[in-house]
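The values are calculated or read from the model by the stated rules, or taken from the named source; none is laboratory data. Remember, predicted model here, so these are calculated numbers, not experimental data. Note: ideal-geometry Cβ built from the backbone for every residue, glycine included; neighbour counts use all protein chains shown.
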Amino acid sequence: MTVRAAWLLPEGQTREDTRLTLAALLTPSGQSAEETPLRSRAGVLPGGLLLNGGAPMQATVGTGRAIVQGKDTAQGAYLVAVTAPETLTIEDGNAQYDRIDLIELAVVDDAYDRTGTTEAVVRLVKGQPSATPVVPPSPAGSTLPLYTIKVPKGTSAGTGGIAWATAVTPQHWPVVALGGIMPTSGYKGAYTGQYRDAAGILQRWDGTTWVSYPKAIGGIAPSGTAAGSHTGQFRDTGSGLQRWDGAAWQYTEGTSKVLFGASQWTTAQQQTLAANTWTAISLPTVEFDDASAFNGTTTYTVPRTGWWRLNGHATYANDAQTGMRGARITVNGTNQPRTTWLSPAGNGAVCVGGSALVRLAAGDALQLQGYHTHTASVRTLGGSGYSCTLAAEWIRS
């Protein structure tokens, strides 16, 4: 028969009938299209079959439940329960080489394996000592690997035994009933709409990959989501929101500001500027720098692409009353027509500068520069309410 049902026939229901039909309650394998319809995902129900190294050369596998998929698809899946701890003794290490031993859960079914034995067992498979040891192959039966144990050469109870904290590597993976939320493992999803718990983040299998929840319209994606699922989706960056524009994450107006301001405002900080040359002005006092993007002296590196409001002012001491005084904000060392200001000198302090809206790209370097045309050097002025200042505020993408 190719169509089977459990508890339908008045007599003659086989063990295969029962295994194959009960597998409708289990998560499909999902590792290939050929496997999915009839093969179940093998694994251990969360929290079961834990290994404990209680003695130098003995390991105990605790109680638990598991699913062992038959080698032959027609076998169906075996539901296995270990109802009492199983203790296994590790043979002493080889005198010359390391080896790797395997602990596995096996179902040996004579109807398929032709071994003369029918049983479910937790068994230890001894590996071969080698300069490059590998995991040994499993004997007959349908198996689920549980743990590998590295046995260094010369290991014995007399030398302290197995270093359980470092020698054991888990090989099994979790399994839940169909529709259950599964702990993270390296397995692909078995069907579109399956969920798993990825270290506290719920993820959904979309048929191709695991996608962090929520993905639906209106859901705010967690920080680290590489790409949005739809135009207009928002992502939490930890310090504000970004909007997916169909190609990239953009910061949104009013949801996350970036502010910067630095000054040269005391007499001790004043700077001497040579004539007829634009000179970067040192700004040692930082009022605010949300993105930690200022180098501490003259240069602010733009952390975010978009429209910025820039303010720059240079104040000059009354060293002379002739020539022009200037200030400008450069982008990557280049003069910007909207951010260049000149004023004639006068009898007293001269403050030159202004503000402008400028579109900048992440990585652009901003500087406040000063300039004058007097015949000798002129100092900047700080103190008594005067300063040289550069400020920047991100407005929108």
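Summary table
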| read-out | value |
| --- | --- |
| V286 vs. criteria surrounded by 17 or more Cβ atoms within 10 Å (Cβ to Cβ) and in contact (Cβ under 8 Å) with a residue 12 or more places away in the chain | no |
| Hits in the stretch 336-377 - residues which are closer than 19 Å to I281 by Cα, in contact (Cβ under 8 Å) with a residue 24 or more places away in the chain and assigned to a loop (DSSP other than H, G, I, E, B) | A345, A349, D364, T373, H374, A376, S377 |
| Failed item in (1) in contact with a Lys or Arg (Cβ under 7 Å, 6 or more places away or on another chain); (2) free of Cβ contacts under 8 Å to residues at least 24 places away in the same chain, with T83 passing the rest | (1) |
| Condition check for A95: surrounded by fewer than 18 Cβ atoms within 10 Å (Cβ to Cβ) and without any contact (Cβ under 8 Å) to a residue 60 or more places away in the chain | yes |
| The stretch 45-80 - residue that is touching a residue at least 24 places away in the same chain (Cβ under 8 Å) and touching a Pro at 6+ places or on another chain (Cβ under 6 Å) and, of those, farthest from R19 (Cα to Cα) | T60 |
| Whichever residue in the stretch 220-260 is assigned to a strand (DSSP E or B) and of a type in the set (S, T, N, Q) and, among such residues, is modelled with the lowest pLDDT | Q250 |
| Test set (1) surrounded by 13 or more Cβ atoms within 10 Å (Cβ to Cβ); (2) modelled with pLDDT of 85 or more; (3) aliphatic (A, V, I, L, M) - A165 fails condition number | (1) |
| Wholly within the stretch 1-105, strands (runs of 3 or more DSSP E) carrying at least 3 residues that are on the phi > 0 side of the Ramachandran plot, in contact with a Cys (Cβ under 7 Å, 6 or more places away or on another chain) and not assigned by TED's automatic domain parsing to the domain that holds P145 | none |
